[in-house]
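Report on the structure given below.
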Amino acid sequence: MTFDRISVFGLGKLGACMAATMADRGAHVIGVDVSPTTVATLNAGHAPVVEPGLAELVAANRERLRATTDAREAVLGSDLSFIIVPTPSDSAGGFATHFVEQVARDIGRALRDKAGYHLVVLTSTVLPGATAHRVLPLLEAESGKACGPDFGLCYNPEFIALGSVVRDLLNPDVVLIGQSDERAGALLEAWYAGYCDNAPPVERMSFVNAELTKLAVNTYVTMKITFANTLAALCEELPGADVDVVSAAIGRDSRIGRKYLTGGLGYGGPCFPRDNKALFALAQTLGTPAGLARATDLANDALLERQLERIHALLQPGMSVAVLGVAYKPDTTVVEESQGLALARALAERGVAVTVHDALALDAARAALGDAVRYEPSLAACLQAADLVVLATPTAELRALEAADFPARERPVIVVDCWRLLATKLAGDARVEYVPLGVGQPLPAPAGAPVVAGSGR
């Protein structure tokens, strides 16, 4: 059985990209969303969310890609349904599944009147037990059919990052499939073989193992990020130390690897913080220890306070600050749990005049910060006006800055470079007082050696 008719429930930042890439692979795709505006936008041939490459895919595949608010229409017009709706954090730190459960009911009701086999795939992140004990019973109860002979169910979370969703979907490191039965898993694996650009390994397992694996991956990555930030803090206190040099050497060890080992600001976004908390909440529910996950969360919060204190110590009364980059990572509009945004808010609360700039996320920042800060769409204007500049997000726009972009003043502009983006361009330049995080004071020059201007910290 091949799947050339697909429905995608939820057209947010992941769902819209899933629908568009599937259509680009030749499938006829029906997107489903509760928002009439989102549906109308997609049907007009426009991307409903901002994500690199998405607009082009939507425009190029209008004949095979459409959207509706009618779940029944989508199920009856497809043989494979993906559920990728929000699972917001609940009060206990886990995931609320009411949106997932509503979609499962809608799909189940439609399956009651549909002949033939249908495969349902849950992609939304859930706690272990949710697929087997919430989604599956709803599908069977509403459809009057049995999982296995009449329809299949898989839990298939994606491992993607905003800003590179299209690339990550088509080139996954691994395809994770929690399967209701052998047939369902085999069909989904075969479908991925024709969907991906690469040939990723496929791991098929039970629902509960797949659910735990999804949480474990993100929790492990947050621990790795936090360890790199711990190294950066140590390097700042050791003359001559450089976190990039140390991280590059550590990353050579095959047990560790270089990914996510760049010291800078802490982790943020819609997934890492909440998945880490969810694993800790799950452990508490089960009565098992998960102190490492809790410690990671606390260390991430403490890191923000540390960087805030370092920046504040550089300020003199009346000095203004520009925070450049308030999205939680490059190439996205998302500011959820953003470290740059949190820095801007905290500085403003201390009475500092703060201006923020972000090429993509300025509107989202305005919605989050209100009148607490100024908003400047021009990077050049920020550089001209600020006494202290924080490079908070490693965007291409900030990486492209040159020393000549900073004004020459009697008192140099202080540049706090959280990711050492401009180390080769600004270190020693008279226009700036360059402060790279994760780097210790320069070692004293050998006797008789020429003196070169350093970071000035």
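What residues of region 186-210 lie in the reach of a label at MET1, counting those whose backbone N is under 11 Å from a point 7 Å from the Cα along Cα→Cβ?
Under cut-off, by backbone N: 186-188.
How big is the convex hull of the Cα atoms of region 1-131, per residue, in Å³?
113 Å³
Antiparallel DSSP bridges in region 1-145: what percent, to the nearest 5? Please list the in-between numbers first.
Working: 1 of 18 bridges.
Beta bridges within region 1-145, antiparallel portion: roughly 5 percent.
Assign unit charges at the C-beta atoms only (+1 for Lys and Arg, -1 for Asp and Glu), then state the dipole size of region 130-179 relative to its Cα centre in Debye, rounded to the nearest 20.
20 debye
Divide the volume of the convex hull of the Cα atoms of the chain by its number of residues and quote the answer in cubic angstrom per residue. Mind dumping the intermediate values first?
Numbers: hull volume 71.9 nm³, N = 457.
With only Cα atoms used, the chain gives 157 Å³ per residue.
With each pseudo-label sitting 7 Å past Cα toward Cβ, what's the GLU237-GLU56 distance in nm, one decimal?
Those two pseudo-labels are separated by 4.7 nm.
With angles folded into 0 to 90 degrees, how steeply does helix 98-112 sit against the dominant principal axis of the chain? Use alpha carbons for both and round to 10.
30 degrees
Given Cα pairs under 8 Å that are at least 6 residues apart, what percent is the relative contact order of the chain?
11 percent
Express as a percent, rounded to the nearest 5, the fraction of DSSP beta bridges in the chain (both residues included) that run antiparallel. Don't skip to the answer; put the middle values down first.
Details: 4 of 51 bridges.
Here the antiparallel bridges make up roughly 10 percent for the chain.
Which one of PRO157, GLY144, LEU215 is farthest out on the positive end of the charge dipole of the chain, using unit charges on Cβ (Lys, Arg +1; Asp, Glu -1) and the Cα centre as origin?
The one lying farthest along the dipole's positive direction is LEU215.
What dipole magnitude, in Debye to the nearest 20, does region 329-405 give about its Cα centre under +1 on Lys/Arg Cβ and -1 on Asp/Glu Cβ?
160 debye
I'd like to know which of ALA346, SER378, HIS357 lies farthest towards the positive end of the charge dipole of region 303-405, counting +1 on Cβ of Lys and Arg and -1 on Cβ of Asp and Glu.
Positive-end residue among those listed: ALA346.
For region 118-197, build the convex hull from the C-alpha positions and give me its volume per residue in Å³.
Spread over its residues, the Cα hull of region 118-197 gives 98 Å³ apiece.
Can you pull the one-decimal nm distance between simple spin-label points at ALA283 and ASP363, each 7 Å off the Cα toward Cβ?
4.0 nm
Distance between the C-alpha centers of region 173-228 and region 282-330? Whole Å please.
Cα centres, region 173-228 to region 282-330: 30 Å.
Rank these residues by their accessible area, most exposed first, probe 1.4 Å: ARG64, ARG420, ARG411.
ARG411, ARG64, ARG420
Rounding to the nearest 20 debye, state how big the charge dipole of the chain is about its Cα centre with +1 on each Lys and Arg Cβ and -1 on each Asp and Glu Cβ.
The dipole of the chain has a size of about 240 debye.
Mind listing the phi-derived Karplus ³J(HN,Hα) values for region 200-212, rounded to whole Hz, using 6.51, -1.76 and 1.60 with θ = phi - 60°, and x for any glycine or proline?
x, x, 10, 10, 9, 7, 6, 4, 5, 5, 5, 4, 5
Working from Cα positions, state the angle (0 to 90°, nearest 10) between the long axis of helix 15-24 and the longest principal axis of the chain.
70 degrees
Please give me the summed charge of the neighbours of GLN316: other residues whose Cβ is under 13 Å from its Cβ, Lys and Arg +1, Asp and Glu -1.
Every neighbour counted, the sum reads -1.
Work out the charge dipole of region 19-127 with +1 on the Cβ of Lys and Arg and -1 on the Cβ of Asp and Glu about the Cα centre, then indicate which of ILE107, THR41, SER89 is farthest towards its positive end.
Going by the Cα projections, it comes out as ILE107.
The values are calculated or read from the model by the stated rules, or taken from the named source; none is laboratory data. A quick note: this is a predicted structure, and the numbers were derived from the prediction, not measured. Every residue, glycine as well, gets a Cβ built from its backbone with ideal geometry; the counts of neighbours run over all protein chains shown. Remember, those area values only see protein heavy atoms, side chains included, never the ligands or the DNA or RNA. Shrake-Rupley method; radii C 1.70, N 1.55, O 1.52, S 1.80 Å.
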